[in-house]
Amino acid sequence: MIVLLKSTLMQTRRRSTKTVFLSLCVFCIGALLSTPMHAQLWDMLTKPQITVNLNHPPRLGLNIKRVAFGPSHGQCSDDILNRLTGTLISGGVEVVDRHQFRALMAEKHFSMGGYIDQQSALRMGKLLGPTALIFVKISQCDSEQHRDFTESKNYKGEYVRTENATVKMHIRGTLQTVDLTTGRIFSASPIIEDAELSNHSKDGRPEFPAWESVRDLAVDRAAYDASTMFIGWTEQKKLYFFNDKDCNLSVAYSLLKANDFDGVVRQSEANIATCKTWPNVKDSNLAHAYYNAGLAYLLVNDHEKAMAYLLQSEQLKGGLIVTQTIEQANKAANLDAEIQRVADKTEAFEQEQADITAADQAAQQSAAAASVSNSSSAKSASDSAEDRLKKLDSLLKKGLINKQDYEIKKAEILKDF
């Protein structure tokens, strides 16, 4: 009986504790939502997020269309070049076959070390045309292993030990680019890559991950980072979208899930007009409508309208969500401007390459024409001398000149020849 009473008292205490805890949670949530800052926190916890792509131009500052690879140096360098080749080809860049390139350089007696001077670059450019020559040098490509453990409490409050076995990979080196048409040597770009994989176990010591897997991960990252020097790359950002039922914002979100971006723009514009006539509308509702319209225009790369609507949302309500999206809209606009600058710079660069190529071709044509002219002149001179000697022989045979005159005239003709 006493045991049963104690059990009943303990159950009552547990229920009371749960009730008090739930009451406190409800009270805290209500208190949190009573301030603008915590209302923003609630939005961040409950509103859906979408992915926005930010397009970056090549880090080299030029849209390179054709590349060749010089000899690679160091461990992992060949693997990096192999992966880089595939990435560049996928990005629309023509890659000169490495074996054919080396054979051509050997045939023309070019010394292919880890560095090339401007004059050698220009000579190669005359053979290959507009091409960027890439050198990859790896000074470090090694791994390390280590073991450690972590402790955490389970649902019983007991400490549980987890054993960890980790393999880390480190790659260090440089990437050098040379334009073979102009002989321009670009600043070397560092290659810095680290990767790691771990195995975990609560029952004894786990095996280390395969070294090859960690190596492949680090090499893939190094090759991708190198590719961003020559082709544009995309950065993804997560931004919030308001799907409130008020002002029909949920309709715009449905279109967004269907990837109908033009429809999202039209619906978001309509939602602003609807929201202004919505009964008992709050500033926060209208702010959300303006925000969604700004984000919709950001998705279709109309940065001017995107910023105009986002700033209106900020004036009505503001908050961290709006501030972060304005930052990304500014970044997207700046990247678009940078992409245009790269396009303009590339056009000027290609014109410079074309001018150099045209000048080389004109010089070659002029030299060829001069050679033909000299050859024709020599032939003409030779034909003229032969004709004159034939006429002189004819005069001698006919007795029109004597032997002494013949020898004098013959000497003059041969002297001119």
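Details
- Qualifying residue in segment 335-342 (condition: part of a helix (DSSP H, G or I), touching a helix residue (DSSP H, G or I) at 6+ places or on another chain (Cβ under 7 Å) and on the phi < 0 side of the Ramachandran plot): yes
- Taken together, Ala385, Ala378 contain a single residue that is touching an Asp or Glu at 6+ places or on another chain (Cβ under 8 Å), modelled with pLDDT under 75, over 30 Å from Gly183 (Cα atoms) and not β-branched (Val, Ile, Thr), which is Ala385.
- Any hit, segment 51-74, residues being without any contact (Cβ under 8 Å) to a residue 12 or more places away in the chain and either within 30 Å of Ala258 (Cα to Cα) or surrounded by fewer than 14 Cβ atoms within 10 Å (Cβ to Cβ) (or both): no
- Segment 297-313, subset part of a helix (DSSP H, G or I) and surrounded by fewer than 17 Cβ atoms within 10 Å (Cβ to Cβ), residue nearest to the chain's Cα centre (by Cα): Glu304
- Residue match in segment 195-218 (condition: under 30 Å from Ala348 (Cβ atoms), of a type outside the set (Val, Ile, Thr) and under 24 Å from the mean Cα position of the chain (by Cα)): no
- Among the residues of segment 346-367, those that are surrounded by 12 or more Cβ atoms within 10 Å (Cβ to Cβ) and either of a type in the set (Gly, Ala, Ser) or modelled with pLDDT under 75 (or both) comprise Ala354, Asp360.
- Meets criteria (at pLDDT below 75, exposed (fewer than 11 other Cβ atoms within 10 Å of the Cβ), aliphatic (A, V, I, L, M) and assigned to a helix (DSSP H, G or I)) for Ala370: yes
- The set of residues in segment 82-94 that are surrounded by fewer than 19 Cβ atoms within 10 Å (Cβ to Cβ) and of a type in the set (A, V, I, L, M, F, W, C) contains only Ile89.
- Residue within segment 291-307 that is over 17 Å from Lys237 (Cβ atoms) and aromatic (Phe, Trp, Tyr) present: no
Residue-wise test of (1) under 22 Å from Gly173 (Cβ atoms); (2) touching a strand residue (DSSP E or B) at 6+ places or on another chain (Cβ under 9 Å); (3) not hydroxyl-bearing (Ser, Thr, Tyr).
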site: Asn55; (1), (2), (3): no, yes, yes
site: Arg66; (1), (2), (3): no, yes, yes
site: Cys76; (1), (2), (3): yes, yes, yes
site: Leu84; (1), (2), (3): yes, yes, yes
site: Ser90; (1), (2), (3): no, no, no
site: Val95; (1), (2), (3): yes, yes, yes
site: Gln100; (1), (2), (3): no, no, yes
site: Ala106; (1), (2), (3): no, no, yes
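- Test result for Gly204, exposed (fewer than 13 other Cβ atoms within 10 Å of the Cβ) and at positive phi: yes
- Test: residue in segment 148-159 that is on the phi < 0 side of the Ramachandran plot, among the small types (Gly, Ala, Ser) and touching a residue at least 12 places away in the same chain (Cβ under 8 Å): no
- Selection status of Thr162, touching a Pro at 6+ places or on another chain (Cβ under 6 Å) and assigned by TED's automatic domain parsing to the domain that holds Ile138: no
- The set of residues in segment 102-119 that are at pLDDT 80 or above and either under 29 Å from the mean Cα position of the chain (by Cα) or of a type in the set (Val, Ile, Thr) (or both) comprises Arg102, Ile116, Asp117, Gln118.
- Residue match in segment 314-333 (condition: under 24 Å from the mean Cα position of the chain (by Cα), among the hydroxyl-bearing types (Ser, Thr, Tyr) and crowded, with 18+ Cβ neighbours inside 10 Å): yes
- Residue in segment 287-296 that is among the hydroxyl-bearing types (Ser, Thr, Tyr), over 21 Å from Lys317 (Cβ atoms), in contact with a Leu (Cβ under 7 Å, 6 or more places away or on another chain) and surrounded by 19 or more Cβ atoms within 10 Å (Cβ to Cβ) present: no
The values are calculated or read from the model by the stated rules, or taken from the named source; none is laboratory data. Keep in mind the model is a prediction, meaning the values are calculated, not measured. Cβ: placed from backbone, ideal geometry, glycine included. Neighbour counts: every protein chain shown.
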